[in-house]
1. Give the residue that is farthest from E44 (Cα to Cα), with candidates limited to residues of region 128-151 that are within 16 Å of ligand 2 (Cβ to nearest atom) and polar (S, T, N, Q).
2. Residues that are surrounded by fewer than 17 Cβ atoms within 10 Å (Cβ to Cβ), within 19 Å of the chain's Cα centre (by Cα) and within 13 Å of ligand 1 (Cβ to nearest atom): does region 214-226 have at least one?
3. If you check S288, S233, which single one turns out to be hydroxyl-bearing (S, T, Y) and crowded, with 24+ Cβ neighbours inside 10 Å?
4. For region 63-122: of the residues being part of a helix (DSSP H, G or I) and of a type in the set (S, T, Y), which is farthest from ligand 1 (Cβ to nearest atom)?
5. Taking G183 as the residue in question, decide whether it is outside any strand (DSSP E or B) and within 13 Å of ligand 1 (Cβ to nearest atom).
6. If you go through region 144-159 one residue at a time, how many are crowded, with 19+ Cβ neighbours inside 10 Å, of a type outside the set (K, R) and more than 13 Å from ligand 1 (Cβ to nearest atom)?
7. If you check A191, A141, A130, which single one turns out to be within 14 Å of ligand 1 (Cβ to nearest atom), within 25 Å of T247 (Cα to Cα), assigned to a helix (DSSP H, G or I) and of a type in the set (A, V, I, L, M)?
8. Please go through region 240-269 and pick out each residue that is closer than 30 Å to I113 by Cβ, in a loop (DSSP other than H, G, I, E, B) and touching a strand residue (DSSP E or B) at 6+ places or on another chain (Cβ under 7 Å).
Amino acid sequence: MNLPAFVQLIDVGPRDGLQNEKQPVPAAVKVELVHRLQAAGLTEIEVTSFVSPKWVPQMADNAQVMSGIARQPGVRYSVLTPNLQGFEAALQSKPDEIVVFGAASEAFSHKNINCSIAESMERFAPVVQAALAAGLAVRGAMSCTVGCPYEGEVAPERVGYLAGLMKQIGVQRVDVADTIGVGTPLKVQRAIEATLAHFDVDHVCGHFHDTYGQALGNTLAALQMGVWNFQSSVAGLGGCPYAKGATGNVATEEVVYLLHGMGIDTGIDLDRLVDAGAFISDFLQRKSNSRVATAILNKRAG
Ligand code: HMG
Ligand code: MG
């Protein structure tokens, strides 16, 4: 097995995790979560999204959250931007990276961003150009790369098609997302393989939701292909508001435990990460979705 020696984790908890919360989460709590994540050693954090507040009310405080963060050198702060309007608003907040987000399934594209895949590319292209001109990094999230809540199974060819479009408009790296967490290792590998026709392995990130408990297996399957960038949410927060029933991303604690157990470095302090997860779980008045965090907290208590 040719496993990477180091894995770069991107915590998407403040964005993907919290976007789905019904109860208001004050900007100060989001800022504190970001501070705790960077203190735990996360060097990439997806902070918020500049989307319509009518579509995702929880992210309406995007600018406030971005301006509240005490930036730490060496940390990359990213934000989602679906169109030029979102990009222009995001630019004021000085993100390091912007994320355009498309889908491998037409139905999900319509439900999530109210346009077809082809139309989404027309909207993203000027965003990507403007971001690159402003010296920002550009990532492209690809939703529903194995399954769609509206269309069912998604063929790898659809993923390859989307990855090719992302490449054409100048996106620098892409996320292979299992939005609803239905993937299993071989299916995820096929989606990654289709992506690798357009992006090299250093520019492919795994983004696995854990609805069916497969995300760690899928992470290992991606690692075996040489993928070394992954997104996860502290405490396993979240889900997408336009993918009903889907749960959060794989918990960052789970991924860190897996990787460290395999001798793979992440630069993350698991104990401090567990503290960050406990902070947000306490605020939300719910137990963490991370079994690793639960085990460590039980061990501490006992
Ligand atoms: P639309 O209604 O088609 O947009 O929405 P529009 O251009 O026709 O504009 C309609 C109204 O929205 C106007 O306001 C615009 O000003 C406003 P009004 O005149 O009616 O008062 N508007 C905006 N406001 C703020 N920021 C903007 C913006 N754009 C337009 N950027 C739109 C299109 C894309 C805006 C909408 O569909 C939207 O906001 N969608 C976001 C959905 C979303 O955030 N989903 C979750 C993130 S994706 C995800 O979680 C998946 C991921 O994790 C990977 C995975 O797991 O799969 C990334
Ligand atoms: Mg997601």
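1. T145
2. Within region 214-226, none of the residues are surrounded by fewer than 17 Cβ atoms within 10 Å (Cβ to Cβ), within 19 Å of the chain's Cα centre (by Cα) and within 13 Å of ligand 1 (Cβ to nearest atom).
3. Values: S288 fails: crowded, with 24+ Cβ neighbours inside 10 Å.
The match here is S233.
4. Step one: filter region 63-122 for residues part of a helix (DSSP H, G or I), giving 63-68, 84-92, 106-113, 117-122.
Next, only the ones that are of a type in the set (S, T, Y) stay: 67, 109, 120.
Numbers: S67: 17, S109: 10, S120: 9 Å.
The selected residue is S67.
5. Numbers: outside any strand (DSSP E or B): yes; within 13 Å of ligand 1 (Cβ to nearest atom): yes.
For G183, the condition - outside any strand (DSSP E or B) and within 13 Å of ligand 1 (Cβ to nearest atom) - is met.
6. So the answer is 1.
7. Working: A141 fails: assigned to a helix (DSSP H, G or I); A130 fails: within 25 Å of T247 (Cα to Cα).
Exactly one residue qualifies, and that residue is A191.
8. Of all residues in region 240-269, those closer than 30 Å to I113 by Cβ come to 240-252, 254-255.
So of that shortlist, the ones also in a loop (DSSP other than H, G, I, E, B) come out as 240-248, 250.
Within region 240-269, A246, T247, G248, V250 meet the criteria.
The values are calculated or read from the model by the stated rules, or taken from the named source; none is laboratory data. Everything numeric here is computed off the predicted structure, so don't read it as measured data. With ideal geometry, Cβ positions are generated from the backbone for all residues, glycine too; neighbour counts draw on all protein chains shown.
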